[in-house]
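A.B. asks: Dropping the structure in here first, questions after.
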Amino acid sequence: MSKQEVDAWFAEYDSPQKTLMQAVRAVMLGADARLGETIKWKTPTFVCNGNLASFNPRSKKHVSLLVHNGARIPGQFPSLEGTGEEARTMKVHDAADLAGKQVELEGLVRAWCDWKSTVMR
């Protein structure tokens, strides 16, 4: 897990959503000290005893966060979209939308870290 490798990825990343994506990154990393980040699947991925979420770097109209096991994370997270057995997506459209979803996103990160820390014991 390397902040430097993610910083390097962002230095090369060219997208109209770059600033918003970095703001989402800051919210997530600030939510729980156990959360780390790395590059997997050619995109920033958040990890804590497993892969929590990855950005979709191709999204141009909003920030798209793929929550790998979003259907299984304990708790209620109404901004997660999808109906499959595993993955969910959270879309963040702008800074105001992020502000409105910040508490939920922080809760999602903490719920994941708590859940995975218990499972990994």
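The values are calculated or read from the model by the stated rules, or taken from the named source; none is laboratory data. Everything numeric here is computed off the predicted structure, so don't read it as measured data. Here the Cβ positions follow ideal geometry from the backbone for every residue, glycine too, while neighbour counts run over all protein chains shown.
A.B. asks: Just checking, which of Ser79, Ser54 is part of a strand (DSSP E or B), within 20 Å of Cys113 (Cα to Cα) and of a type in the set (Gly, Ala, Ser)? Break it down stepwise before answering.
C.D. replies: Values: Ser79 fails: part of a strand (DSSP E or B).
Going through Ser79, Ser54 in turn, just one is part of a strand (DSSP E or B), within 20 Å of Cys113 (Cα to Cα) and of a type in the set (Gly, Ala, Ser): Ser54.
A.B. asks: Condition check: in a loop (DSSP other than H, G, I, E, B), at pLDDT 95 or above and not aromatic (Phe, Trp, Tyr). Does Ala23 satisfy that? Working first, answer last.
C.D. replies: On the way: in a loop (DSSP other than H, G, I, E, B): no; at pLDDT 95 or above: yes; not aromatic (Phe, Trp, Tyr): yes.
So Ala23 does not fit the description; no.
A.B. asks: Right, something else. Please determine, by comparing only the residues of the stretch 26-51 that are in contact (Cβ under 8 Å) with a residue 60 or more places away in the chain and part of a helix (DSSP H, G or I), which one is nearest to the chain's Cα centre (by Cα). Give the steps one after another, and end with the answer.
C.D. replies: Residues of the stretch 26-51 in contact (Cβ under 8 Å) with a residue 60 or more places away in the chain: 27-28, 30-32, 34-35, 46, 48-50.
Of the ones still in play, those that are also part of a helix (DSSP H, G or I) are 27-28, 30-31.
On the way: Val27: 9, Met28: 6, Gly30: 12, Ala31: 11 Å.
Result: Met28.
A.B. asks: Would you tally the residues in the stretch 77-109 being in contact with a His (Cβ under 9 Å, 6 or more places away or on another chain) and aliphatic (A, V, I, L, M)?
C.D. replies: To start, the set of residues in the stretch 77-109 that are in contact with a His (Cβ under 9 Å, 6 or more places away or on another chain) comprises 86-88, 91-94, 97.
If we keep only those that are aliphatic (A, V, I, L, M) too, we end up with 87, 92.
The qualifying residues number 2.
A.B. asks: So, one more: As an exercise: evaluate Ser15 against (1) surrounded by fewer than 16 Cβ atoms within 10 Å (Cβ to Cβ); (2) assigned to a helix (DSSP H, G or I) and give the number of the one condition it does not meet.
C.D. replies: So Ser15 meets the others, but not (2).
A.B. asks: Next question. Considering only residues that are touching a Ser or Thr at 6+ places or on another chain (Cβ under 9 Å) and among the β-branched types (Val, Ile, Thr), look in the stretch 66-121 and name the one that is nearest to Ala33 (Cα to Cα).
C.D. replies: Residue satisfying both the conditions and the ranking: Val67.
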